[in-house]
1. Look through the stretch 31-46, keep the residues that are in contact (Cβ under 8 Å) with a residue 24 or more places away in the chain and assigned to a strand (DSSP E or B), and return whichever of them is most open to solvent (accessible area, probe 1.4 Å).
2. Can you tell me which residues in the stretch 1-27 are open to solvent by 50 Å² or more (accessible area, probe 1.4 Å) and either closer than 17 Å to R67 by Cα or modelled with pLDDT of 95 or more (or both)?
3. Which residue, of G109, G55, is surrounded by 12 or more Cβ atoms within 10 Å (Cβ to Cβ), under 12 Å from the mean Cα position of the chain (by Cα), of a type outside the set (A, V, I, L, M, F, W, C) and not in a strand (DSSP E or B)?
4. Can you run down the residue pairs with Cβ atoms below 8 Å, 6 or more apart or on separate chains, where the first is in the stretch 71-87 and free of Cβ contacts under 8 Å to residues at least 24 places away in the same chain and the partner is basic (K, R) and buried (at least 19 other Cβ atoms within 10 Å of the Cβ)?
5. Can you pull out every residue in the stretch 78-98 that is open to solvent by 50 Å² or more (accessible area, probe 1.4 Å) and part of a loop (DSSP other than H, G, I, E, B)?
Amino acid sequence: QVQLVESGGGLEQPGGSLKLSCAASGFAFSNYGLGWYHQAPGKERELVTFITSSGGKVNYVDSVKGRFTISRDNGKNMVYLQMNSLKPEDTGVYYCNTIPRLPGADYWGQGTQVTVSS
């Protein structure tokens with residue numbers, strides 16, 4: 001059924017870059033906006049950026065604005081997060097999900113771990 005598979009995380013130094021990917025299946029991908037969520041250690045999951053279904057509009061929380069860029073490829077059912085100028089506070093697990101949320105169940109992938117440390 002619905003699958004959301006995040007990848008691309010890893011260990012990076014402060015100031016470095018990573019590009020995360022999310023492969024989606026089991027629903028009409030192009031009908032939904034998509035967001036990236038960040039869950040810092042010991043904290044609740046937080047939406048940090050989203051992109052509309054057509055890719056025409058994006059939004060970012062202030063803490064990542066100017067550093068992160070969300071994009072999508074509707075032909076490949078993929079959404080990406082380019083992360084630049086990484087800070088230790090960016091450390092945590094990153095998840096993608098639809099906006100609005102899919103009906104019927106609380107679908108989440110496994111997430112991908114990002115660690116920013118010197």
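The values are calculated or read from the model by the stated rules, or taken from the named source; none is laboratory data. Remember, it's a predicted structure, so these values are computed and weren't measured experimentally. Cβ coordinates were reconstructed from backbone atoms using ideal geometry, including for glycine residues, and neighbour counts include every protein chain displayed. SASA here: full protein model, heavy atoms, side chains in, ligands and nucleic acids out. Shrake-Rupley method; radii C 1.70, N 1.55, O 1.52, S 1.80 Å.
1. Filtering the stretch 31-46 down to residues in contact (Cβ under 8 Å) with a residue 24 or more places away in the chain leaves 32-41, 43, 45.
Keeping just the survivors that are assigned to a strand (DSSP E or B) gives 33-39.
Details: G33: 9, L34: 1, G35: 0, W36: 0, Y37: 33, H38: 21, Q39: 58 Å².
Among those residues, the one meeting the criterion is Q39.
2. Initial filter on the stretch 1-27 (open to solvent by 50 Å² or more (accessible area, probe 1.4 Å)): 1, 3, 5, 7, 11-15, 17, 19.
Correct list: Q3, V5, S7, L11, E12, Q13, P14, G15, S17, K19.
3. Numbers: G55 fails: under 12 Å from the mean Cα position of the chain (by Cα).
Of G109, G55, the one residue that is surrounded by 12 or more Cβ atoms within 10 Å (Cβ to Cβ), under 12 Å from the mean Cα position of the chain (by Cα), of a type outside the set (A, V, I, L, M, F, W, C) and not in a strand (DSSP E or B) is G109.
4. Here the result reads none, with nothing in the stretch 71-87 linked to a residue that is basic (K, R) and buried (at least 19 other Cβ atoms within 10 Å of the Cβ).
5. Here is the first cut: in the stretch 78-98, the residues open to solvent by 50 Å² or more (accessible area, probe 1.4 Å) are 82, 84-85, 87-89.
Result: N84, S85, K87.
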